[in-house]
């Protein structure tokens, strides 16, 4: 099933983009969007082109607000980037960037979605609610529907306001973690991907309700399995001699200081370690005949969600601390520490 | 079978690299190598690190001298790049770059390799000889062995000296094409990949002899098949409405002027056309639900060698001219024009 993205680009959004581009005096514009919104990117490009802008579309993947096409824009000397589908993640001032949120505006049967979630949420009464950006328009309706079933519902603020109230992204669950102590279970309105991310860093049960597929799932079992896989990688990592420390050049995933300190820690632990600089962390190109294992300072979800693609262990910085006996697995799992290092960008 | 790359990095090369790095006063160094030389890259990194340089390894793929890691080097503020395995391709002055050729130095049974080629080269008497960089040390021995079998052997110079005499790369066969009128057949010492490239742009028979696998092959049949596949893509392209014109950000594959003129030509021909800016042309991320076809101004070999991976036609600029009836297929095939546009870099 594909999502019914609005067929027409709303004129109000187009006018906003045009006004912003005129404000920053942009002529040459790079439009960037994640895979699911490439069609909207094309629509927007057509409209902007018709209005006299020199428009190019970013053709590469776009994994989040962290994956801002600054390098591409610089390569073609674009005056501005229009970035679709994510909120601002990267602090940068080199190229003016206009963020255009794309919330799904077709009708979602919220009552049915909540109804399907109810038996997974009970017997809990206090629910923490998290949402991904594209469903945020449903927030009050979901909250109301849950309350109609007798639940009390909380959602939090992001600690520095970068995300909307209740909003979650793949590596940042700050908003919803902030109400953890007051709730018994969590409900994520979004995808399996976001449900799993939260579930790894909380000991509360997480239920995910996906308005796209209308699928509802309790993440407890799958999370245990994923954490066992992670522990197996940590265990396997201990036998490695040569370690590649992955440093990503994507603006919001570049953590050079972290990579350097990991190289130091590995060398201190008697391993050979080198920084591997790359843009896309692609399993096809990691030199597995050279390295026995990797530490991934880029997007944490590459290790979590794609681990089966990699032939060698590919640990997160937090997991490395366990591998080097600098912290304990029991302390790490279900804790905020698992992804906290992602908050560090150079 | 894997190639027996020299286990030890020759000290003379190490001293050369160190001297060059000192000459340009580099402290922070990015070492880049294609997949097969990542082990040598690691050895070099270890040695440079031991001598006090701050070393990082480029972890991304490296498809040729065109694929110079300028973006990665800039992202980590490297003072210099050491690029292994290719000759200089990109004119650039932003970051000092030291090119380190890596020729295979283990014993190749040249006599046996030539012996296996002889029956495919006969009854021709005059042979044009081409080689890839890593086998160039074999040039005189191969020439002599062919002469011992009664052939006369020619190899040419590159028109502006960018390549060694007889050297071929995946998109540039200028050296060997320069002797075409004087020879009956060609012998490429290198891989299937290079044999195919030459064979597409010459009506002479091409034989490839691969010292790595000791495999010898006449490229005539496979080339006909590949050209038929190319024509099928040209034919399918004609029905497309929305075309993505791929503009690559790799320093030696960026052809912005060419991409812009292709967009104009396509629009004049009544099609919707947009420039798609990306670094790796990865079939997994091209938005096939948005575009009906692509024109690829990046590496030509992506279209030729990987066409089966793409769901939609992905033409080269020269092939587009045929699709738009601006030149004929008969004129294009077996001609220098097929890849000539690649000589244009911004």
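For segment A:43-86, filtering for residues that are within 20 Å of residue B:249 (Cβ to Cβ), in a helix (DSSP H, G or I) and in contact with a strand residue (DSSP E or B) (Cβ under 8 Å, 6 or more places away or on another chain) leaves 5.
Of all the listed residues (A:69, A:33, A:78, A:41), the sole one being within 13 Å of chain B (Cβ to nearest Cβ), over 22 Å from the mean Cα position of the chain (by Cα) and under 19 Å from residue B:244 (Cβ atoms) is A:78.
Within segment A:100-114, the residues that satisfy the criterion of being modelled with pLDDT of 95 or more and surrounded by 15 or more Cβ atoms within 10 Å (Cβ to Cβ) are A:110, A:113, A:114. A residue that is more than 10 Å from chain B (Cβ to nearest Cβ) and under 30 Å from residue A:178 (Cα atoms) can be found somewhere in segment A:262-273.
Within the option set B:330, B:289, being without any contact (Cβ under 8 Å) to a residue 40 or more places away in the chain and away from every other protein chain (no Cβ under 13 Å) holds for one residue only, B:330. Got at least one residue in segment A:114-129 being assigned by TED's automatic domain parsing to the domain that holds residue A:142 and within 20 Å of the chain's Cα centre (by Cα)? Yes: segment A:114-129 contains one or more residues that are assigned by TED's automatic domain parsing to the domain that holds residue A:142 and within 20 Å of the chain's Cα centre (by Cα). Residues in segment A:108-156 that are over 27 Å from residue A:65 (Cβ atoms) and in a loop (DSSP other than H, G, I, E, B): A:109, A:122, A:123, A:124, A:125, A:149, A:150, A:151.
Kindly indicate whether any position in segment B:277-287 is under 23 Å from residue B:72 (Cβ atoms) and surrounded by fewer than 15 Cβ atoms within 10 Å (Cβ to Cβ). Yes; the residues of segment B:277-287 include at least one that is under 23 Å from residue B:72 (Cβ atoms) and surrounded by fewer than 15 Cβ atoms within 10 Å (Cβ to Cβ).
Among the residues making up segment B:50-66, those that are at the interface with chain A (Cβ under 8 Å from one of its Cβ atoms) and either surrounded by 24 or more Cβ atoms within 10 Å (Cβ to Cβ) or over 23 Å from the mean Cα position of the chain (by Cα) (or both) are B:55, B:56, B:57, B:58, B:59. In the condition set (1) within 14 Å of chain B (Cβ to nearest Cβ); (2) free of Cβ contacts under 8 Å to residues at least 60 places away in the same chain; (3) assigned to a helix (DSSP H, G or I), residue A:94 is compliant with all but (3).
Take the residues of segment A:8-30 that are modelled with pLDDT under 95 and assigned to a helix (DSSP H, G or I): which is farthest from the other protein chains (Cβ to nearest Cβ)?
Only one residue fits best here, namely A:12.
Could you check, for segment A:222-243, whether at least one of its residues is part of a strand (DSSP E or B) and buried (at least 24 other Cβ atoms within 10 Å of the Cβ)? Yes, segment A:222-243 contains at least one residue that is part of a strand (DSSP E or B) and buried (at least 24 other Cβ atoms within 10 Å of the Cβ).
Does residue A:272 qualify as being within 18 Å of the chain's Cα centre (by Cα) and either in the same structural domain as residue A:304 (by TED's automatic domain parsing) or surrounded by 19 or more Cβ atoms within 10 Å (Cβ to Cβ) (or both)? Answer is no for this residue. For segment A:133-155, the candidate set comprises residues that are buried (at least 21 other Cβ atoms within 10 Å of the Cβ) and within 19 Å of the chain's Cα centre (by Cα); within that set, the residue that is nearest to residue A:87 (Cα to Cα) is A:134. When residues in segment B:179-205 are screened for being in contact with a strand residue (DSSP E or B) (Cβ under 9 Å, 6 or more places away or on another chain) and farther than 26 Å from residue B:34 by Cα, 10 of them pass. Of the residues making up segment A:173-193, those that are surrounded by fewer than 22 Cβ atoms within 10 Å (Cβ to Cβ) and under 19 Å from the mean Cα position of the chain (by Cα) are A:174, A:177, A:178, A:191, A:192, A:193.
The values are calculated or read from the model by the stated rules, or taken from the named source; none is laboratory data. These numbers come from a predicted model, not from an experiment. Ideal geometry is used to build each Cβ from the backbone, glycine not excepted, and the neighbour counts take in all protein chains shown.
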